[in-house]
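Single-structure report; data block below.
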């Protein structure tokens with residue numbers, strides 16, 4: 001009898017110890033699991049709660065973004081707006097576009113007024129200090145636009161040393177002109193069309209612009225042309241800007257960029273909106 005009691009007590013103790021060990025194991029595992037689960041970012045929560053994503057852009061930059069003058073509501077269209085819509089669709093929310101000048105765009109992103117900035121933005125190292133960027137899309141070369149009558153006058157970069165050069169304000173083109181064109185007087189304006197007008201009126205000697213953008217203005221300005229100038233490290237990539245700490249939203253943006261690069265949509269959009277920009281100008 002005594003032996004049975006001892007065996008029973010030992011059995012109970014063993015079960016208790018095993019239960020205790022099992023309990024410790026079960027408590028540790030969920031804790032580890034919880035630590036491994038990535039929290040939903042504040043931006044993702046905001047987008048879901050509001051049922052929309054707010055994208056900031058800067059029109060006047062065809063074929064990336066420009067105002068469709070063929071419709072009454074002056075809707076902003078272009079390659080970047082197609083990308084923005086695809087991102088909204090992937091998130092299953094509505095798209096709201098806020099149009100502003102480029103200088104205000106990145107400030108609005110930093111201040112939380114827009115969720116994403118999509119405007120042919122170059123992800124420079126300086127900008128990366130303040131915000132995150134998506135994967136690159138649509139690489140393009142930087143070009144110098146000049147008056148056609150000056151084609152023989154400006155053939156190399158040195159020909160612009162000490163000259164007056166126009167750029168869009170707060171862009172990589174402004175930085176490029178300041179860095180590469182020695183002693184140049186830089187005229188920086190809010191919108192590309194304003195700089196084009198300065199060039200046509202003889203107030204600047206050249207205009208630095210992305211090749212894909214500059215081509216749109218050459219189509220409907222016969223008096224302008226590309227110079228033969230070649231900039232060092234002239235290829236520029238575009239990326240979507242987003243405030244830091246929103247990796248879940250950024251991963252979706254990257255997935256959309258990857259999908260639409262691989263399926264040829266970026267190429268299709270470039271052709272479509274290049275033609276549309278020309279049609280707009282001829283109306």
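General remarks:
- Residues considered: 53, 79, 87. Of these, the only one that is closer than 19 Å to residue 236 by Cα, touching a residue at least 24 places away in the same chain (Cβ under 8 Å) and touching a helix residue (DSSP H, G or I) at 6+ places or on another chain (Cβ under 7 Å) is 79.
- Only one of the numbered conditions (1) in contact (Cβ under 8 Å) with a residue 24 or more places away in the chain; (2) more than 19 Å from residue 159 (Cβ to Cβ) is not met by residue 207, and that is (2).
- Selection of region 96-121 for residues being in a loop (DSSP other than H, G, I, E, B) and buried (at least 19 other Cβ atoms within 10 Å of the Cβ) yields 114, 115.
- The condition (being surrounded by fewer than 15 Cβ atoms within 10 Å (Cβ to Cβ), in the same structural domain as residue 55 (by TED's automatic domain parsing) and either modelled with pLDDT of 95 or more or not in a helix (DSSP H, G or I) (or both)) is satisfied by just one residue among 275, 258, 203, 230: 258.
- Selection of region 100-134 for residues being within 20 Å of residue 258 (Cα to Cα) and either outside the structural domain of residue 65 (by TED's automatic domain parsing) or out of contact with any helix residue (DSSP H, G or I) (no Cβ under 8 Å at 6 or more places or on another chain) (or both) yields only 123.
The values are calculated or read from the model by the stated rules, or taken from the named source; none is laboratory data. For clarity, every value in this text was computed on a predicted model and none was experimentally measured. As a convention, Cβ positions derive from the backbone with ideal geometry for all residues, glycine included, and neighbour counts pool all protein chains shown.
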